[in-house]
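All of the numbers you see were taken from the coordinates with simple rules; none came from a lab. Remember, predicted model here, so these are calculated numbers, not experimental data. Cβ coordinates were reconstructed from backbone atoms using ideal geometry, including for glycine residues, and neighbour counts include every protein chain displayed.
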Amino acid sequence: MKVQIIYSSLSGCTRKVAEGIYHSLTGVDKSIHDLKDGEPVLDGDILLLGYWVDKGGPNEQMHAFLEKLKGKTVGIFCTLAFYADSEHGYQSLKKGVDLAAQKNTVIGSYVCNGALSEQMLARFRTGKDGGHHAASPEKELRWKMMNTHPTQAEISLAAERFGERIQLYREFTENGLKFVSIQ
Ligand SMILES: Cc1cc2nc3c(=O)[nH]c(=O)nc-3n(C[C@H](O)[C@H](O)[C@H](O)COP(=O)(O)O)c2cc1C
């Protein structure tokens, strides 16, 4: 069985999760690809697809990739800078999952926090975006906390999630059972 990890990462947080999953995978052929280097030949039995959240959903490059994808078995993960355990966090992951599930089988998904890049922090602090993004004492404290994410624990949980699901998918397949998308 071959697992391909394909990700898009602007400032490195999603890359950390992708690399953590990659290094944890055992007993399979595996490869890892950054979409900025182009789309790889899709020869994996399972694709694990990671994106950074842009305006509440998959970033543009991963969105375009997901729109074209069909007939594959996939896992979806993402990082975002607002609370991962919020409605926004859930919906930001679900947008990617729902898009993938239209034409593919989804074996699992995972969302965790990532740091807000220095560039975005500078924008918010200079008030360029104004509105609900503008810096405040409360947001400064949240951004400081998020600055250490993804943590090793978050990366390990992503690795555990997909490691388990790959094994489960394998057992379903070996027993002639159908894996229904988890949405
Ligand atoms: C243009 C832009 C839009 C973003 N939109 C959101 C958003 O809607 N919700 C959110 O929680 N974080 C948002 N973020 C924060 C990133 O999703 C977050 O920092 C992510 O972990 C970055 O991942 P990366 O380091 O792999 O690029 C945005 C960041 C940028 C640069």
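Numerical summary
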item	result
Full-stretch length increase - Val41, Leu157 - with 0.36 nm per residue and alpha-carbon distance subtracted	39.0 nm
Cα centroid of region 50-102 to Cα centroid of region 106-128, whole Å	14
Computed FRET value (nearest 0.05) for Leu168 with Glu19, which takes r as the C-beta separation and R₀ as 22 Å	0.45
Long pairs among Lys55/Lys178; Lys16/Lys94; Lys36/Lys144; Lys70/Lys94, criterion Cα-Cα beyond 23 Å	Lys55/Lys178; Lys36/Lys144
Around Pro137: net Lys/Arg minus Asp/Glu count, Cβ-Cβ under 13 Å	+2
For Thr14, Thr148, Thr173, Thr26, order by how many other beta-carbon atoms lie within 10 Å, fewest first	Thr26, Thr148, Thr173, Thr14
Of all DSSP beta bridges in the chain, antiparallel share, percent nearest 5	5
Binned Cα-Cα distance frequencies in region 30-183 - 10 Å width, integer %	10, 36, 33, 15, 5, 1
